[in-house]
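The values are calculated or read from the model by the stated rules, or taken from the named source; none is laboratory data. Keep in mind that what you see is a predicted model, and the values were worked out from it rather than measured. All Cβ positions, even for glycine, are placed from backbone atoms using ideal geometry, and neighbour counts span all protein chains on display.
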Amino acid sequence: MSTLKRKAGAETGAEPKKAKQGNIMSFFGAPKPSSTAADGAAKSGSSAPEPAPIKFDKAKWAASLTPEQRQLLQLEIDTLHESWLALLKDELVTKEFLELKRFLEREAAAGKKVFPPKEDIYSWSRHTPFSTVKVVILGQDPYHNFNQAHGLAFSVRPPTPAPPSLKNMYIALKNDYPSFTPPPNRGGLLTPWADRGVLMLNTCLTVRAHEANSHSNRGWERFTQRCIDLVAARRARGVVFMAWGTPAGKRVLRVDTKRHLVLKSVHPSPLSAARGFFTCGHFRTANDWLAERYGEGGRVDWALVEGESVLNKGIPTNGGSAGKEKNKQEEEEEEEGREKEEQEDENGGKKKVEATIVKDAENKEAAAKETTVVEKKKDGVDVADGDENAAPEVQA
């Protein structure tokens, strides 16, 4: 009998031993992170865990809709990225959103031309799935002329040239990253940013052709605010919010600034950009903050020309100084330039002129022009801050 017991024990002995090893490991616990790593996470604020992705059965959810809901929400079912649909599904069936969809159906039935094309209304969700969001740039109204709006705030498709606000964004970006080159042919397509984690979200997602703000106060504001709130709540390790202009600033009031970085400035519109947008430093500041949270690989490459990068020029990214940090080579070149100018001045050549004086003169000239602008408010949008609707029309 004892022989049989020993034989049985030999046959099954491996498994009990594994169980004992597991018990011992659980007793001592998993290795604890070093205090240095823990302190670093606490200082950066990135220790907050990301909520687990929602398990979402799209087909099952769609099948649960009423026939009218399914008909009204077919565009969302077909074109809203599933990572966003899983989080917004409850918002979509609210009476406010369903009424918005009924309004859009009435617009179509009345023969109204609406921008962007319906297949592009949610292109922001497909270019920037929820889990990839690093930066949120808030816009106002879609462009309302042909071949402009395609679902990403501030962006236009070729051959439409970059609108004035976007051209001013390029100027601010070049101040932060001197190596930045605007797209060829005066282009304004920003899909590379979206594909790298920059969510460019307008307040309203549709507009009637040639009628700015014609779809405001119809329900889009509530929907896009929900998108902002979801990013702020669920992207727990932190993202950067860029809020340009008074309306955008109001949309980020509830964002936790201990968890996220909120950057505010005047709007890049020509009506307001000279009041501080060009030197706001937001593009570099965002990357400095992202590098602290996620490492160097967490930064956004703001380059828009294929094969180029603003991140490989050896310029330090520390402190968000809007391009004020320079490497040793740049400092030496500037010093040589100053010595040359001073020598020319001594020899009776052209006088040395400080860049700040030129800049002040430009700002004064721009400010003088702005005084001729009558500031208005239309449908709650501060026109003094400007919007993205002044894009140039494309000649047929």
Given (1) assigned to a strand (DSSP E or B); (2) modelled with pLDDT under 95, number of the condition Val262 does not satisfy: (2)
Test: Lys17 is closer than 30 Å to Lys258 by Cβ and at pLDDT below 70: no
Counted residues, the range 126-144 - those being surrounded by fewer than 18 Cβ atoms within 10 Å (Cβ to Cβ) and touching a His at 6+ places or on another chain (Cβ under 7 Å): 2
Any hit, the range 151-168, residues being within 19 Å of Phe130 (Cβ to Cβ), touching a helix residue (DSSP H, G or I) at 6+ places or on another chain (Cβ under 7 Å) and of a type outside the set (Val, Ile, Thr): yes
Elements of type helices (runs of 4 or more DSSP H) in the range 57-109, at least 3 residues being among the basic types (Lys, Arg): 95-109
Number of the exception - Ala62 against (1) under 30 Å from Asp256 (Cα atoms); (2) over 26 Å from the mean Cα position of the chain (by Cα): (1)
Subset of the range 231-240 [under 14 Å from the mean Cα position of the chain (by Cα) and of a type outside the set (D, E, K, R)]: Val231, Ala232, Gly238, Val239, Val240
Positions within the range 271-289 being farther than 17 Å from Val240 by Cα and of a type in the set (Lys, Arg), in sequence order: Arg275
Failed condition for Glu306, given (1) closer than 19 Å to Ala162 by Cβ; (2) in contact (Cβ under 8 Å) with a residue 40 or more places away in the chain; (3) of a type in the set (Asp, Glu): (2)
Residue within the range 123-132 that is over 24 Å from Arg196 (Cα atoms) and not in a loop (DSSP other than H, G, I, E, B) present: no
In the range 39-81, residue modelled with the lowest pLDDT [restricted to those that are aliphatic (A, V, I, L, M) and loosely packed, with under 11 Cβ neighbours inside 10 Å]: Ala42
Filtered residues of the range 282-314 (kept if in a helix (DSSP H, G or I) and either surrounded by fewer than 17 Cβ atoms within 10 Å (Cβ to Cβ) or not hydrophobic (A, V, I, L, M, F, W, C) (or both)): His282, Arg284, Thr285, Asn287, Asp288, Ala291, Glu292, Arg293, Tyr294, Glu296, Gly297, Gly298
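So, in the range 275-303, exactly how many residues are of a type in the set (Phe, Trp, Tyr) and within 15 Å of Ser265 (Cβ to Cβ)?
Residues that pass the stated criteria total 3.
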Leading residue by the ranking (modelled with the highest pLDDT) among those in the range 125-174 that are of a type in the set (Phe, Trp, Tyr) and farther than 21 Å from Arg251 by Cβ: Tyr170
Single residue of Phe277, Phe283 found to be touching a Phe, Trp or Tyr at 6+ places or on another chain (Cβ under 6 Å) and in contact (Cβ under 8 Å) with a residue 40 or more places away in the chain: Phe283
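I need a count of the residues in the range 95-122 that are in contact (Cβ under 8 Å) with a residue 60 or more places away in the chain and in contact with a Gly (Cβ under 9 Å, 6 or more places away or on another chain).
8
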